[in-house]
1. Provide, for q = 0.14, 0.19 Å⁻¹, the log10 of I(q)/I(0) from a solvent-free Debye sum over equal Cα point scatterers in region 215-256.
2. Give LYS47/LYS327; LYS73/LYS327; LYS75/LYS261; LYS47/LYS75; LYS47/LYS108 a once-over and call out the pairs whose C-alpha atoms are over 24 Å from each other.
3. Given +1 on the Cβ of Lys and Arg, -1 on the Cβ of Asp and Glu, and no further charges, what dipole in debye does the chain carry about its Cα centre, rounded to the nearest 20?
4. How would you rank 216-224, 117-125, highest first, on the average number of other Cβ atoms within 10 Å across their residues?
5. Excluding THR194 itself, calculate the net charge of residues whose Cβ lies under 14 Å from the Cβ of THR194, where each Lys or Arg counts +1 and each Asp or Glu counts -1.
6. Per residue of region 479-495, in order, report the coupling 6.51 cos²θ - 1.76 cosθ + 1.60 (Karplus, θ = phi - 60°) as ³J(HN,Hα) in whole Hz, putting x for Gly and Pro.
7. Taking region 74-197 as the region of interest, what is the percent of Cα-Cα pairs per 5 angstrom bin, listed from the shortest bin to the one with the maximum distance?
8. Size of the chain along its principal axes in angstrom, Cα-based, largest extent first?
Amino acid sequence: MVTTIKRYVFLVLSALFISSAAFANNVTVSNVTMTGQDATNDFVFVKFDTSWENSWRTSSAPNNWDAVWVFVKYKVGSGDWQHATLSATAGQHTAPSGSTITPSSDGKGAFIYRSADGSGTVSLSDARFRWNYGTDGVADDAQVTLDVFATEMVYVPTGSFSAGSGGTEASAFTLTTINTGSATVAGGFPTDQTAPDNNSWPNGYTAFYCMKYDITQEQYADFLNTLGRTQQDTRTETNLASGQTTITNRYVMSNNSAIQKRNGIRCDATIPATGTITFYCDFNGNGTGGESDDGQNIAGNYLNWADGAAYADWAAMRPMTELEFEKACRGTASEVANEYVWGSTSITQATGISNGGAGSETASNSGANCAYGNHGSVQGSMRVGCFATASSGRAGAGATYYGIMDMSGGVYERCVTIGNADGKSFTGSHGNGVLNSTGDADASNWPGTSASGTGFRGGTWFNGATFERVSDRSDASNTQSGRGSNWGGRCVRLAP
């Protein structure tokens, strides 16, 4: 079961630091403190406990594991939120027993995951991540507020895979084995595609981490709550510009006074004229956010390309390419013509929803493994991972070869396309945790706010069954810059 809890625990350490903990999906972060401040070398350890459900590590096929990507935001006094620089040296962090911490080389975050084979719930106490606060220009005696963010990820190992299935999917790649990470070597791209001009275009061969679930509504609300007012206005559909104090269309992603297509992100009716706004999930519509049936774990929809790119930049990740999408779905398994992400050509539509908005939300009909086809009782995205149970296999859970959830159906995956010049200019650079003043991603060589160079993969709750197939490319180069009720977001990051 995927659950989401939102709490803030404020602690004062040596009258210098204040810290808080953030939660997302079924991963929890608790007991956040800071300890071991070294005022000579300007670092401190951010200490916390973490746990998440449905974890695994296996040394047999698919030879992978799940992990949590951890990053830290901070603000000094009443200032703006900033992205903390963690040590890039693994030995300078302390991993709890049974776990491994692998930091990114740019210091923007770190992965924590099982150190040995196993499955089930992971509970880790006293993880210590070294924050080099001096690198961020923070004084030894500053008063600091911290947020620790944790996102569930899945490791996709380096290796060859099939692009295209050999089936009848629209605009599918000609079946090709992708067996290299270099654009200069034959086999690096589908035979019917012109290779990008740069060797760093991510073709899926090299190992990467992919978000286990689509960006949830709570994750997006948490993101909004760390932005400045102008940035918040850009990343929502309702007019929330400075000077607005009374809001009628409080469901801010759809710009409506009533919930639309199951998106429950909203703000209060009265907001400050110039200050930042607080957003929350209120799926049940009673005006109180954060309740157990407020849809925190429903996939975020009404996300345009720029919204997803901004989230990826803020989280120090990046968008995925459409070849990485096929690798994440099919893995190293042999292709099956016209297959869905779970490796077969059979699909069962969700025809209703039980426990709507709750952490236990699921399809009301037994055996469903995909939200697709615009069923009258499923009008919008559903809880991420909702088809998985303790006894379901890959097909029943709607999972990819590597255990990534909801890549067929639900909300579209927004991918960088190889189908046009703007998409081919993508170099795979990661976000740095910081947006520009208007709230847009500013990472180099990403498709811009016009969305040229992007497209859609994986189908949605609205599309017919053929769109849900792994290799369907009906909209792979379809440039759309607006917000849609069946458009979501998911991020990746190259493995350190």
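None of the figures in this text is laboratory data; all of them are computed from the coordinates on show. Just so we're clear, the structure is a prediction, and the values are computed from it rather than from any experiment. All Cβ positions, even for glycine, are placed from backbone atoms using ideal geometry, and neighbour counts span all protein chains on display.
1. Debye output, listed in q order: -0.29, -0.54.
2. On the way: LYS47/LYS327 35 Å; LYS73/LYS327 31 Å; LYS75/LYS261 35 Å; LYS47/LYS75 18 Å; LYS47/LYS108 17 Å.
Among LYS47/LYS327; LYS73/LYS327; LYS75/LYS261; LYS47/LYS75; LYS47/LYS108, the Cα-Cα distance tops 24 Å for LYS47/LYS327; LYS73/LYS327; LYS75/LYS261.
3. On the way: 30 positive and 43 negative charges, 66 e Å.
Magnitude of the dipole: close to 320 debye.
4. Values: 216-224: 26.0, 117-125: 14.2.
So the order, starting with the most tightly packed, is 216-224, 117-125.
5. Working: positive: LYS424; negative: ASP192, ASP197, ASP422.
Net charge around THR194: -2.
6. For region 479-495, the Karplus curve yields 7, 9, 9, x, 9, x, 5, 10, 10, x, x, 7, 10, 9, 8, 4, 5 Hz.
7. Histogram of Cα-Cα distances, whole percents per bin: 2, 9, 13, 13, 11, 10, 10, 11, 10, 7, 3, 1, 0.
8. Here the Cα extents, ordered largest to smallest, are 64, 50, 45 Å.
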